[in-house]
Amino acid sequence: MNKLNIVLFGPPGAGKGTQSEFLIKKFGLVHLSTGDLLRAEIKDETPLGLQAQEIMSRGELVSDHIVIGMIRNRIDANNTAPGFIFDGFPRTKAQAEALDEMLNAKSQPITAMLALEVPGPELVRRLLKRGETSGRSDDRDEQVIANRIAEYEQKTSPLKDYYSAQGKYKGINGVGSVADITERLVEVIG
Ligand code: ADP
């Protein structure tokens, strides 16, 4: 049977994590968030975590090599899963190509890229609000938030064209209540 492999896409603060929670329950998927995986490495003070920490605190992207390796391990460790939600990955063309290679080798390609669309000022508002409770220092500093959004515009946003070329890009309005947005996503997944 075909697996349901979803790339949940969008700028920082678009609601990828929030929406993932519902989708993993509804479809029984394994959630792979590179941000969460990196924060776990930092918490455990692993060599990888120590390397990533400084880069993340500036709002820059961690090297492709590191995140691709983390994702490869998790995909291989979850061979029997009904599918994956990729949250915050891929963020560069090299990451997208590596992901395609890994999944195509298993004949389990990406089903769709669901892209949450949220205007810039709303993203900044949401991230600063999250910073009040998330414990994430990168959500508290407006300059770091601006860097993250700039990195997204420059390196990540072009992936819309990458998935469009495969007929897999689906844009979704990411403004509204959490439940409304969930409904829009479920409708597109079908
Ligand atoms: P958000 O989407 O709100 O920025 P994430 O938890 O996805 O939060 O990412 C936090 C930080 O982790 C990013 O700013 C970046 O430094 C790093 N990171 C996460 N995923 C990747 C990735 N796929 N490639 C490179 N860096 C990443």
Response to the item:
Going through (1) in a helix (DSSP H, G or I); (2) within 12 Å of the ligand (Cβ to nearest atom); (3) at pLDDT 95 or above one by one, GLN51 fails only at (3)
Practice prompt. Test ASP87 against the stated conditions and say whether it is more than 19 Å from ASP161 (Cβ to Cβ), touching a residue at least 24 places away in the same chain (Cβ under 8 Å), within 14 Å of the ligand (Cβ to nearest atom) and buried (at least 20 other Cβ atoms within 10 Å of the Cβ).
Written response: yes
Worksheet item: Can we say LEU99 is surrounded by 14 or more Cβ atoms within 10 Å (Cβ to Cβ) and within 12 Å of the ligand (Cβ to nearest atom)?
Response: yes
Worksheet item: Out of all the residues in the stretch 76-106, which are aliphatic (A, V, I, L, M), touching a Leu at 6+ places or on another chain (Cβ under 9 Å) and not in a strand (DSSP E or B)?
Response: ALA81, ALA96
Worksheet item: With GLY174, GLY190, GLY135 as the choices, which residue is within 17 Å of VAL7 (Cβ to Cβ) and exposed (fewer than 14 other Cβ atoms within 10 Å of the Cβ)?
Response: GLY190
Item to complete: Give the residue that is nearest to LEU4 (Cα to Cα), with candidates limited to residues of the stretch 18-36 that are surrounded by 19 or more Cβ atoms within 10 Å (Cβ to Cβ) and not hydroxyl-bearing (Ser, Thr, Tyr).
Response: LEU29
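The values are calculated or read from the model by the stated rules, or taken from the named source; none is laboratory data. Model, not experiment: these values are computed from the prediction. Counting neighbours? That spans all protein chains shown, and the Cβs are built from the backbone with ideal geometry, glycine included.
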